[in-house]
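Structure record follows, encoded as structure tokens.
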Amino acid sequence: MPIGVPSVPYRLPGSQYERWIDIYTRLGQERIIFLGQEVTDGLANRIVAYMLYLDSDDPNKPIYL
């Protein structure tokens, strides 16, 4: 029985309220790219695009793979 993608609580900066987001979104906010499957051509393209976006967002912050 599939359980789906886990959710974690997240509090927006300056907010007193939490909301639930999927764990991969939360890892992305921390600039962590999690690989949990074989890297296909399509997945490689998405990873490169995401890394380019993160680099353009803040080129001085590290990206963790």
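Here, each number is a calculation from the coordinates, and none is a lab measurement. What you see is a predicted model, and the numbers here were worked out from it, not measured in a lab. Glycine gets a Cβ as well: all are built from the backbone with ideal geometry, and neighbour counts include every protein chain shown.
Given C-alpha coordinates of the chain, what is the ratio Rg to Rh with the Kirkwood estimate of Rh? Using Cα coordinates only, the ratio equals 1.03.
Within the chain, the longest segment free of exposed loop sites, counting chymotrypsin sites (Phe, Trp or Tyr not before Pro) that fall outside DSSP classes H, G, I, E and B and have at most 13 other Cβ atoms within 10 Å, spans 35-65.
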